[in-house]
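Visitor: For reference, the structure I am asking about is given below.
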Amino acid sequence: MATDFKLKTKWEKYTVLALRFVVGATFVVSGFVKAVDLWGVEYKIADYLTAFGWDWAKPYIGIVAVMLPLVEFLAGLWLFIGSFRRFTVWLMLAMMAFLLPLSAYIAFANPVADCGCFGEAFVVSNGWTLVKNILITAALVFLLPRNHGLRSIYGPAVQWITVLLPAVYLLLIMIVGYNWQPIFDFRPYKIGTTIADDSADRSDFLFTYEKDGERRDFDVDNLPDSTWTFVDRKQVEVADNDNLRRIAIYDGEEEVTDDVRLADGDVLLLLISDISQINVAYTFKLNELYNNVSESGVNLICLTGNSESEIVQWREMSMADYPIYTMDSSELKSLARGNPAVVWLRDGTVLYKSTMDSADIDDILSGKPADEFVGRELHVFIWLTTLLFAAMALLLFINRSPLLIKLTKRLRKNQNKELPLHQNSQNQLNNHKQQTKMRKNIVAGNWKMNTTLQEGVALAKEVNEALKTRTPNCDVIIGVPFTHLASVAAAIDTDKLGLSAENCADKVSGAYTGEVSAAMVASTGAKYVILGHSERRQYYHETAEILKEKVVLALANGLTPIFCIGEVLEERENGTYFDVVKAQVEGSLFDLSAEDFGKIVLAYEPVWAIGTGKTATADQAQEIHAFIRKTIADKYGAEVAENTSILYGGSCKPTNAKELFAKPDVDGGLIGGAALKADSFMGIVDAF
């Protein structure tokens, strides 16, 4: 896992925000335009596989065509709104690890005319595609350690819905485009485009090129790359019409575009891009379609991209009476999506098109205007998009609603009553402590000598914001350096997030340069102070007597001491750890009255389990915590002992916190390194 950088300046934050927007929007647009035209994605993937000679992969084209836009769209959306902040950047980098070398190859080898990154919405050259992917990869590398520094729009509890809702939305967009026609038509032959016009008054040319045995016609504005070989040039008549785009129809080797008279009244084009993919049972439906439209006086023409021999076989198998001609395969697929598909022309202008299965031919023949069916895909898009935005906005409102937070808290209280017995047993075990004791559960962070003032304030704010969306079953405290106390106190809600100093002096005041008194700590707004930490004992030689004075002064100034005790490795291994811990408690705390002792929070630190490679188990923690509680009971009685919170401070992490906190005498944790990241600290808080 990458190490998180702190976002130290506004410039860095704005840069992360800008990159989220730009990269996220790029992926969203890329995924969306592909999803709109799923047929086009399949065609482009097939072009790639043909160019690479990977025919073995063609059966999987459909799966890839669906997953590619779906993953792009979701990843871009998550980056945009801040969901799954680490996972999203890793996912995008994994995609770029494949796409960047691919774009480098196609930029230099030109196996395909264009990459198809944005479908047919935006045609990007292979060279610019490489540049784009380099910039995106660089942006993602920059975001990898920093993206987690900005919060998500949605809280962790509802982020899974940002997977479900957009995924369903995009799948529905795909279904519409695949079974009808693309919601947005980015192709040359849109509704309203004229493909035949008897009033042509000027000439133009189509250029025939060949590559890998395939011949294709190109106009002068759309010539192919250098990997294609020029074969022929043909003259075509083009009307002085900005909305005119001619097609070329062949009968064998002869062009018959003018002979089929596409501009005469109503003409229905039946497009079969690949005859071999048509089920035999479908032939009856096509013949029935031909009979119906012929009776209505509509001319039906079948166009295919297959060879003459394949057409002969098709005629024999299907007993087709309708005329069958050929046209360039790529132009055929561009005219309308689907195999088969239909295109309705009126006086040579595209009036309506659809896949064959979803065509409204019978309704049109019965008298309904064809234009009634035009635009239905767009209407579906408007409805789907409106519903998605409304649902996401409602989700955001609910997620941020104080009412939801209160309701969640109430539901949690009643949760155990509603669960079946076999599901409730673990909750009963975890809640046993709360049902039998008055002491508090506490998760306290000890930042030690880490973070600058600016970094510390930012981290405190992040923890504070995270608590706004939670109703934790414990008190949450952060222990920060002296220099941070006043600034952090002003930046957080101290009713929800407790503030602690990491130490205080054993003197009231005076000529003690560099020391900070308990009164000074209290004046910053802090309510707690960490005393007796193993590092203070080891490096600064704090004795039981020094700590006794610190505890007294802290209590006198209204501070709650979090008093640390614990044995080192040698004491654990020689079996004297019970005696050591008991001596630490007795030496600094047992001169207190029962009332004052009741204000103390204890924190047991197995020093031998911190940074040594050894691990203290939950059972070992329970053993020593139970011993400490018994020691207190022997001095002050069972009631005081039961009301004293004893925290565990030995490498507590989100992965082991739940097991530790389930022990009856472990009342929380004093957290070190895991407290320096809001998400890991909150993971420990959530363990309760």
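Visitor: Distance between the C-alpha centers of segment 253-297 and segment 113-153? Whole Å please.
Guide: The distance from the Cα centre of segment 253-297 to that of segment 113-153 comes to 43 Å.
Visitor: What angle, in degrees between 0 and 90 and rounded to the nearest 10, separates the Cα long axis of helix 421-436 from the longest principal axis of the Cα atoms of the chain?
Guide: 30 degrees
Visitor: Further question on the same structure: By a straight-distance test (C-alpha under 18 Å), which aspartates and glutamates pair with K58 as possible cross-link partners, with residues fewer than eight away in the same chain excluded?
Guide: Partners found: E42, D47, D212, D274.
Visitor: How do the peptides 73-83, 595-605 rank, highest first, by the average count of neighbouring beta carbon atoms within 10 Å per residue?
Guide: Descending packing order for the listed peptides: 73-83, 595-605.
Visitor: Show R315, R187, R86, R261 ordered by accessible area, largest first, where the area counts protein heavy atoms only and the probe is 1.4 Å.
Guide: Ranking R315, R187, R86, R261 by accessible area, largest first, yields R261, R315, R86, R187.
Visitor: Right, next: How tilted is helix 402-418 with respect to the longest principal axis of the chain? Cα atoms for both, answer in degrees (0 to 90, nearest 10).
Guide: With rounding to tens, the tilt is 80 degrees.
Visitor: A further question follows. Roll a 1.4 Å probe over the protein chains and send me the accessible area per residue for the chain in Å².
Guide: 48 Å²
Visitor: Under a point-charge model restricted to the Cβ atoms of Lys and Arg (+1) and Asp and Glu (-1), what is the dipole moment magnitude of the chain relative to its Cα centre, in debye to the nearest 20?
Guide: Roughly 4560 debye for the chain.
Visitor: Mind jotting down the distance between the C-alpha centroids of segment 579-602 and segment 311-376, whole Å?
Guide: 89 Å
Visitor: Would you mind checking K461/K582; K461/K630; K461/K635; K132/K211; K10/K550 for any pair whose Cα atoms are more than 32 angstrom apart? If you can, show how the numbers build up before the last one.
Guide: Details: K461/K582 38 Å; K461/K630 39 Å; K461/K635 41 Å; K132/K211 28 Å; K10/K550 40 Å.
Violating the 32 Å Cα-Cα cut-off are K461/K582; K461/K630; K461/K635; K10/K550.
Visitor: Follow-up question, since we're still on this one. Using all alpha carbons of the chain, what is the percent of pairwise distances in each 10 Å bin, ordered from the shortest bin to the longest?
Guide: 3, 12, 18, 16, 12, 10, 9, 8, 6, 4, 1, 0
Visitor: I would also like to ask the following. Going toward the positive end of the dipole of the chain, with +1 on Lys and Arg Cβ and -1 on Asp and Glu Cβ, which of A94, G177, N279 do you reach last?
Guide: A94
Visitor: Any aspartates and glutamates with Cα under 17 Å of the K368 Cα? List them, leaving off those in the same chain fewer than 8 positions away.
Guide: D266, E295, D360
Visitor: How do 273-284, 346-357 rank on mean C-beta neighbours within 10 Å, highest first?
Guide: Details: 273-284: 13.3, 346-357: 19.6.
Taking the mean over residues of other Cβ atoms within 10 Å, the ranking is 346-357, 273-284.
Visitor: Let me ask something else. Express in Å², to the nearest 10, the accessible area of W608 obtained by rolling a 1.4 Å probe over the protein heavy atoms while all chains stay in place.
Guide: About 10 Å², rounded to the nearest 10.
Visitor: Here is a further query. Would you pull out the residues with amide H under 5 Å of L300's amide H, same chain only if 5 or more places away, H placed 1.01 Å from N?
Guide: L268
Visitor: Could you list log10 I(q)/I(0) for segment 1-136 at q = 0.12, 0.20, 0.22 Å⁻¹, which the Debye formula gives when each Cα is one point scatterer?
Guide: -0.51, -1.25, -1.45
Visitor: Follow-up question, since we're still on this one. When averaged across all projection directions, what area in nm² does the alpha-carbon convex hull of segment 294-400 cover? Walk me through the intermediate numbers first.
Guide: Values: hull surface 40.8 nm².
The directionally averaged projection comes out at 10.2 nm².
Visitor: Tell me, what are the semi-axes, in whole angstrom and largest first, of the equivalent ellipsoid of segment 461-590 as set by the roots of 5 times the Cα gyration tensor eigenvalues?
Guide: Result for segment 461-590: semi-axes of 28, 20, 12 Å.
Visitor: Hey, any idea what % of the chain's accessible area is carbon plus sulfur with a 1.4 Å probe?
Guide: Working: 18860 of 32970 Å².
Here it works out to 57 percent.
Visitor: Quick one: order Y290, Y169 from most to least accessible surface, probe 1.4 Å.
Guide: So the residues, ranked largest to smallest area, are Y290, Y169.
Visitor: While we're here: Using only the Cα atoms of segment 23-103, build the gyration tensor, take square roots of its eigenvalues as a ≥ b ≥ c, and label the shape rounded, prolate or oblate: rounded if a/c is under 1.5, else prolate if a/b is larger than b/c, else oblate.
Guide: Prolate.
Visitor: Relative to the first principal axis of the alpha-carbon coordinates of the chain, what is the inclination of helix 618-636, with its axis defined by its Cα atoms, in degrees from 0 to 90 and to the nearest 10?
Guide: Once rounded, the angle reads 30 degrees.
The values are calculated or read from the model by the stated rules, or taken from the named source; none is laboratory data. Nothing here was measured: the structure is a model prediction, and the numbers come from that model. Glycine gets a Cβ as well: all are built from the backbone with ideal geometry, and neighbour counts include every protein chain shown. Areas reflect the complete protein model, heavy atoms only, side chains present, ligands, DNA and RNA absent. Shrake-Rupley method; radii C 1.70, N 1.55, O 1.52, S 1.80 Å.
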